[in-house]
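Each remark here refers to the structure printed beneath this line.
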Amino acid sequence: MTRSAVLAGIGSFLPSRRVTNEHLTARLDTSDEWIRTRTGIRQRYFAEPGTTTSDLAAEAGARAMKSAGLAEVDAVVLATTTPDRPCPATAPTVAAKLGLVGCPAFDVQAVCTGFVYALATACGLLAAGGADTVLVIGAEMFSTILNPADRTTSVIFGDGAGAMVVRAARAADGGAIGPFDLGSDGTGADLITVRAGGAEQRRGRSAPTAGDEYFSMAGREVFRQAVEHMAASARAVLSRAGWQAGDIDWLACHQANLRILVRLADVLGIPEARVLANIAAVGNTSAASIPLVLDQAHQAGRFQAGDRLLLSAFGGGLTWGSTVLTWPDLTRP
Ligand code: COA
């Protein structure tokens, strides 16, 4: 029997501290108007001191498991750019917080593409028979790596977490997640990076420079490549699935910039009314953004069972990835 993976539950979590554009204009040379018109963002959430990425991940994971009606899963895969520590991985801590001691748990690092990579990994585990249920989480605390003096990144990113439970199904049952299209181009590693903290800096190819410990991004070049790679990846996955752009009920992309979402929909020929966007309210939450936007849309009752979704992301690495899924008959909390 060929096994496939289907969505069984979904959940998300945002920390309580709301940071509006006005909060940022009080300490940075920027304006609400610039942030809104260049990115579409009005506010984001930052976690309170004392909170860690594993706390956000565990809360979103618990909600997804509740949505799936499960007290246990067979594996936990966490996509994050902001692990609790450089070593060990954060996923085992998340699993322990969920009472899941003993199950395999590991991190996937593909920056803003992380959730799509993690979902592909989970689907692979299910297809190979290594698990019957997998909790896939995207969780980020970019507030811990942003340079507070850098207006080009500080206005964009926010903290948050989103999660899905995927379970094994018979391929013949329909509604399977996939196929996937994944890619990378490491020649662009410098475009989105935290330079310090790894072997490269510790074995000193060059003397550390002030600010190396913070996240940095070449925004304009990233914008161009994001549209190009997401469009190519989305087209590749549609072709593998045998779907047309006109079949798509919802385009659920990584929430990098509202202008990127609009441009991508235009390039793919998908009407703007079919684009899911929550970036105005949460900013760019990196690996958390796709499950977060999906859960919020689900809770708002926007999906019908049978709706066809196209997911696509682009991020540091450089990395990109896309997949498709058919929305199942999930009850809302
Ligand atoms: N407030 C006011 N001015 C700002 C600013 C801010 N927060 N940030 C940058 N600027 C200025 C720049 O200094 C520049 O000024 P100059 O023309 O005098 O040099 C000007 O605005 C334009 O900067 P630029 O970087 O070209 O703007 P942009 O239109 O490309 O928008 C981003 C910047 C970052 C919003 C945009 O490039 C972007 O969203 N990129 C992709 C981000 C992304 O996807 N990241 C995640 C990848 S997964």
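Points worth noting:
- Among the residues listed as Val165, Val101, Val136, the single one being in contact with a Phe, Trp or Tyr (Cβ under 9 Å, 6 or more places away or on another chain) and in the same structural domain as Ala75 (by TED's automatic domain parsing): Val136
- Members of the stretch 73-88 found to be of a type in the set (Asp, Glu) and over 20 Å from the mean Cα position of the chain (by Cα), listed by number: Asp74
- Residues that are outside any helix (DSSP H, G or I) and under 18 Å from Phe223 (Cα atoms), drawn from the stretch 252-274: Ala252, Cys253, His254, Gln255, Ala256, Asn257
- Exactly one residue out of Gly246, Gly211 is surrounded by fewer than 21 Cβ atoms within 10 Å (Cβ to Cβ) and within 20 Å of Gly188 (Cα to Cα), and it is Gly211.
Conditions (1) assigned to a strand (DSSP E or B); (2) within 16 Å of the ligand (Cβ to nearest atom); (3) surrounded by fewer than 18 Cβ atoms within 10 Å (Cβ to Cβ), marked per residue:
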residue: Ser289; (1), (2), (3): no, yes, no
residue: Ala297; (1), (2), (3): no, no, no
residue: Ala305; (1), (2), (3): no, no, yes
residue: Ala313; (1), (2), (3): yes, yes, no
residue: Ser322; (1), (2), (3): yes, yes, no
residue: Leu325; (1), (2), (3): yes, no, no
residue: Leu330; (1), (2), (3): no, no, yes
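- From Ala171, Ala256, Ala234, residue being closer than 25 Å to Trp34 by Cβ and hydrophobic (A, V, I, L, M, F, W, C): Ala256
- Within the stretch 163-205, tally of residues that are of a type in the set (Ser, Thr, Tyr) and more than 16 Å from the ligand (Cβ to nearest atom): 1
- Of all the numbered requirements in (1) hydroxyl-bearing (Ser, Thr, Tyr); (2) in contact with a strand residue (DSSP E or B) (Cβ under 6 Å, 6 or more places away or on another chain); (3) farther than 23 Å from Ile260 by Cα, Ser16 misses one, and that requirement is (2).
- Ala232 vs. criteria within 23 Å of Asp190 (Cα to Cα) and surrounded by fewer than 20 Cβ atoms within 10 Å (Cβ to Cβ): yes
- Which listed residue, of Ser154, Ser143, is within 15 Å of the ligand (Cβ to nearest atom) and either over 23 Å from Gln225 (Cα atoms) or in the same structural domain as Ala60 (by TED's automatic domain parsing) (or both): Ser154
- Strands (runs of 3 or more DSSP E) fully within the stretch 57-175 counting 3 or more residues that are open to solvent by less than 10 Å² (accessible area, probe 1.4 Å) and under 24 Å from Ser322 (Cβ atoms): 75-79, 133-140, 160-170
- If the condition is being assigned to a loop (DSSP other than H, G, I, E, B), open to solvent by 70 Å² or more (accessible area, probe 1.4 Å) and in contact (Cβ under 8 Å) with a residue 12 or more places away in the chain, then the stretch 1-44 contributes Met1, Thr2, Ser16, Arg27, Asp29, Arg42.
- Every residue from the stretch 206-224 that is within 11 Å of the ligand (Cβ to nearest atom) and part of a loop (DSSP other than H, G, I, E, B): Ala218
- Test: residue in the stretch 49-67 that is over 21 Å from the mean Cα position of the chain (by Cα) and under 21 Å from Leu126 (Cβ atoms): no
- Within the stretch 265-284, none of the residues are within 14 Å of the ligand (Cβ to nearest atom), open to solvent by less than 30 Å² (accessible area, probe 1.4 Å), under 22 Å from Phe180 (Cα atoms) and at pLDDT 95 or above.
- Tabulated pairs, the stretch 90-112, first under 13 Å from Val136 (Cα atoms) and basic (Lys, Arg), second in a helix (DSSP H, G or I) and within 16 Å of the ligand (Cβ to nearest atom), C-beta under 9 angstrom, 6+ apart or interchain: none
The values are calculated or read from the model by the stated rules, or taken from the named source; none is laboratory data. Remember, predicted model here, so these are calculated numbers, not experimental data. When we count neighbours, we look across all protein chains shown, and the Cβ atoms used for this are built from the backbone with ideal geometry, even at glycine. Heavy atoms of the whole protein, side chains included, go into the accessibility calculation; ligands, DNA and RNA do not. Shrake-Rupley method; radii C 1.70, N 1.55, O 1.52, S 1.80 Å.
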